[in-house]
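Shown next, in structure tokens, is the structure this report addresses.
The values are calculated or read from the model by the stated rules, or taken from the named source; none is laboratory data. Nothing here was measured: the structure is a model prediction, and the numbers come from that model. Reconstructed Cβ throughout: ideal geometry from the backbone, glycine too, with neighbour counts over all protein chains shown. SASA here: full protein model, heavy atoms, side chains in, ligands and nucleic acids out. Shrake-Rupley method; radii C 1.70, N 1.55, O 1.52, S 1.80 Å.
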Amino acid sequence: MNAALKARCDLDLGFPFHTDGEPADRLERVAAYMRREKLGAEAYLTGDSVARLEARIAALFGKPAAVWFPSGTMAQGVAARLHCAAAGDKRVGLHPTSHLALHEQDSHIHLHGLEPVIAGEWSRTMRPDDLPEQAGCTIVELPQRHNGGAVPDWQTLVAIKARATELGQTLHMDGARIWGLPSAWPGHDWPEICDGFASVYASFYKDLGASGGAVLAGEAEVMADARIWLARMGGQLVSAWPMVPDALRVLEERLDKIPAFVARAREIAAGVGQVRGLTITPDVPHVNMMHVRLDCDVATAEAARNAAAEATGVWLGNRFWSLEADPVPALEIAVGERVLAADPARIIAAIRAMGACLDKA
């Protein structure tokens, strides 16, 4: 990444996506929120802020209980472990783009003794017939990051749940970016979306922009067991702040903005239109994310991004995804407060300029 060039740009689309400023600024915001809400010292995740957050998420997702975790890697490994143990089957179904398969150093294998079974194809979202015939649990990512935040259509999701019931198989949702799903399926709320999943994981930082933390929601007995594993894995932190109060804060400040973020992503994609050598996935975006895929190698893609930044003052992103199973590099654009506050025409122009540079190359 060209840090000097990025610093010269007056509009930066890279992570983080919101307007909390530097870490010290964020801490001041959290402190103000804690004073306003009368949140004080808490020990080992037993205080009011954790109780509030877990109750809020359980109600929001339509589940009996929820447990806060310091990371999604910990939360999802615990969920898969518990479901596979209950089924007496160590096999866990994973889409080839699953975060567990790509980004966690195989923690589900080494920490939890699970055996991954690939379910589906890299370039598309999961289908009912992708579910393994035999597995203790299958994880369905909604939305699916490495396909640009794509989701199956509603009828397919319903059919996936029905197929799991036929197989007697437990479903877990990797809902790291769950917050945009009601915009992907208008008329369907979080409880209806989460129904049929024995557990649901969500991240507080990936779309909402909290300083960290995750949550696991599901049946009360399963969540009680998850809380035991939280302690066993060292996740029962002595202090809940700043992460837990920050999660409460961003839920209050940003959850209602998510539909506007999704609308802006769709506006940008529509404005880019057809550009030679450049594809937006999915087109139209399903949530507040899209991937800009370039028909070239990574070095050429980076040079095109840099040239677009020089020409427009817009830094489109820090890195291109370049994974063995994916034939072309992909630049991930996620819409948050900074993109929402910017002139979309500038972002559209920068993406088109990147495509024009690629065409010249």
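Couplings 3J(HN,Hα) for the stretch 171-183, derived from phi with the Karplus relation 6.51 cos²θ - 1.76 cosθ + 1.60 (θ = phi - 60°), are 10, 10, 9, 7, x, 3, 10, 5, 5, x, 4, x, 6 Hz, where x marks Gly and Pro. Computed from phi, the 3J(HN,Hα) profile of the stretch 149-163 under the Karplus parametrisation 6.51, -1.76, 1.60 (θ = phi - 60°) reads x, 6, 10, x, 5, 4, 4, 5, 4, 4, 5, 4, 5, 5, 5 Hz, with x in place of Gly and Pro. Annotation for the stretch 262-291: trypsin sites (Lys or Arg not before Pro) lying in DSSP loop with at most 12 further Cβ atoms inside 10 Å of their Cβ are R276.
Restricting attention to the chain, lysine pairs at least eight places apart or on different chains and with alpha-carbon atoms under 22 angstrom apart total 5. Going 7 Å from the Cα of R338 in the Cα-to-Cβ direction, what parts of the stretch 205-224 have a backbone nitrogen less than 17 Å from that spot? Under cut-off, by backbone N: 205-212. For the chain, the share of alpha carbon pairs falling in successive 10 Å distance bins from zero is 5, 24, 32, 25, 12, 1 percent.
Surface composition of the chain: carbon and sulfur make up 52 percent of the accessible area, probe 1.4 Å. Couplings for the stretch 35-41, taken from phi via the Karplus curve 6.51 cos²θ - 1.76 cosθ + 1.60 with θ = phi - 60°, read 5, 4, 8, 6, 9, x, 5 Hz in order; Gly and Pro are left as x. Each principal axis of the stretch 1-137 carries a Cα extent, and these read 51, 45, 28 Å when sorted largest first.
Subtracting the Cα-Cα distance of E115 and N2 from their residue separation scaled by 0.36 nm leaves 36.7 nm.
Over the residues of the chain, the helix contribution to mean residue ellipticity at 222 nm works out to -13000 deg cm²/dmol, using -39500 (n - 2.57) for each DSSP H run of at least 4. Centroid-to-centroid, using Cα positions, the stretch 263-329 and the stretch 105-146 are 27 Å apart.
Under the combined filter of DSSP loop state and at most 10 neighbouring Cβ atoms within 10 Å, the stretch 304-361 retains these GluC sites (Glu not before Pro): E324.
The modelled label-to-label distance between A86 and E37, using points 7 Å beyond Cα along the C-beta direction, is 2.9 nm. Amide H contacts under 5 Å for D12: W315, restricted to partners 5 or more places along the chain or on a different chain, H placed in the peptide plane at 1.01 Å from N. Taken about its Cα centre, the stretch 248-361 carries a charge dipole of about 240 debye when Lys and Arg each add +1 at the Cβ and Asp and Glu each add -1 at the Cβ. Less than 5 angstrom separates the built amide H of A210 from those of Y205, all sequence-distant by 5 or more or on a different chain.
Enumerate by residue number the GluC sites (Glu not before Pro) in the stretch 107-216 meeting two conditions: DSSP loop (anything except H, G, I, E, B), and at most 15 other Cβ atoms within 10 Å of the site's Cβ. Answer by residue number: E121, E133. Heavy-atom accessible surface of the chain, averaged per residue, reaches 41 Å², computed with a 1.4 Å probe. A simple spin-label model places pseudo-atoms 7 Å from Cα toward Cβ; at E28 and A101 they are separated by 4.6 nm.
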